[in-house]
Amino acid sequence: MDAGVPSEIKAAERRVGLTPAAAGELVNHGHSVTIETGAGVGAGFTDLNYREVGAVIADTAADVFNHSEIIIKVKEPLPPERALLQPHHTLFAYLHLAADRPQTDELLATGATCIAYETVTDDVGRLPLLAPMSAIAGRMSIQAAAHALEATHGGAGLLLGGVPGVRPSKIVIIGGGVVGENAAEIAAGMGAEVTVLDRSSTVLDGLAKRFAGRVKTVFSTKAELDASVFDADIVIGAVLVKGAKAPRLVTREMLGQMRPGSVIVDVAVDQGGCFETTTPTTHTNPVYVVDEIVHYCVANMPGAVPRTSTHALSNATLPFTLALANQGTEAALKADPHLLNGLNVCAGHITNQAVANTFALVHVDPLEALKLR
């Protein structure tokens, strides 16, 4: 199969869909790989690195799309990229459709087969292609919050871990999944006072055992959420509902009860955000202030550490990419129910129930949609 990797064009996005090593694996399996010139530079990979493993360098994204059956990306395709998609293409990338109706409609119109990293599953129901970026985003959320809490960035002027004789900052993490756990690890390591809220007793028990008292765990009710948010210096939004839009758990009215200069970091921004006042931002202009509360809502946080992120993502996606290339899209999807769970759009139909529910669209069974390709 012909695989193609265009440059990412989202603002300040420096990751790339394949490392040279991953591209080399595809070539070694007999597939051709076309890389847009300069696509890997932001992550530290040159065109020469790709040529050395047998990839072909193309001048433009249009060349990549024209020469490829499977398009391997990191972030969702923006309008100029969506215009290049054709029915014979298989798109493999993060999509987050439930938070993006225009993208959903345009992908449906292309007739392409679109597989979302974030809804591919594993044997125990986890999300193995989302997990590495969630881990990075969780860790980065604390770095971002620490900077935003400084007075020079509009924050309250607090040090995360305090100093002897001065209390540490209070960090509340809403959601104890991969993002929340990694955020808690960094926050606790920096000496902050950390509380994680979740509605799963199993998750809370696991966190309590892992952190052995260094992190407080609280079952999330409306009363506990309110009390925790109002007393926080930093609130990390780490809520995930697979494939669906994130619930808005913190309202604008609640901001009025928070201390001025407190910081909100919404890691769920890709799925619409879990704060009512969330507006997606970029690494070039990451923060804004609403009602004296500093908001950090960058929609591609791992893009700021592109070398680490690209290695982590490419390692996770490569087995699925090889399956698609070796077997062909239809056969690979039929052979692996976990990869099939990643199918969101096929032959002009929505094949993910959560996305269909979000937009009140007709849901078509993935296997039925494959028959229409």
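The values are calculated or read from the model by the stated rules, or taken from the named source; none is laboratory data. No experiment lies behind these values; they were computed from the predicted model shown. All Cβ positions, glycine included, derive from the backbone under ideal geometry; neighbour counts span all protein chains shown.
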Just wondering, is there one or more residues in the stretch 95-112 that are within 20 Å of Ala323 (Cβ to Cβ) and not β-branched (Val, Ile, Thr)?
yes
Ala98 passes all but one of (1) in a helix (DSSP H, G or I); (2) at pLDDT 95 or above; (3) of a type outside the set (Lys, Arg); (4) buried (at least 21 other Cβ atoms within 10 Å of the Cβ); which number fails?
(2)
Criterion (in contact with a Pro (Cβ under 9 Å, 6 or more places away or on another chain), over 27 Å from Thr351 (Cα atoms) and among the acidic types (Asp, Glu)) met by exactly one of Glu25, Glu13, Glu106
Glu13
Could you please tell me which pairs satisfy a Cβ distance under 6 Å, a separation of 6+ or placement on different chains, a first residue in the stretch 356-372 that is assigned to a helix (DSSP H, G or I) and surrounded by 12 or more Cβ atoms within 10 Å (Cβ to Cβ), and a second residue that is charged (D, E, K, R) and modelled with pLDDT under 95?
Thr358/Lys245
Where Ala39 falls short, out of the listed (1) in contact (Cβ under 8 Å) with a residue 60 or more places away in the chain; (2) within 21 Å of the chain's Cα centre (by Cα):
(1)
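Per-residue answers, yes or no, for (1) without any contact (Cβ under 8 Å) to a residue 40 or more places away in the chain; (2) in the same structural domain as Ala238 (by TED's automatic domain parsing):
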position	(1), (2)
Ala61	no, no
Ala83	yes, no
Thr90	no, no
Leu95	no, no
Pro102	yes, no
Gly111	no, no
Pro168	yes, yes
On the given criteria, is Ala325 over 26 Å from Pro102 (Cα atoms), outside the structural domain of Gly272 (by TED's automatic domain parsing) and crowded, with 24+ Cβ neighbours inside 10 Å?
yes
Say we look at the stretch 272-289 and pick out the residues that are in a loop (DSSP other than H, G, I, E, B) and of a type in the set (Ser, Thr, Tyr); which of these is modelled with the lowest pLDDT?
Thr284
Odd one out for Val269 among (1) in a helix (DSSP H, G or I); (2) touching a Pro at 6+ places or on another chain (Cβ under 8 Å); (3) over 27 Å from Arg248 (Cβ atoms):
(3)
Out of the residues in the stretch 151-160 that are part of a loop (DSSP other than H, G, I, E, B) and surrounded by fewer than 18 Cβ atoms within 10 Å (Cβ to Cβ), which is farthest from the chain's Cα centre (by Cα)?
Gly157
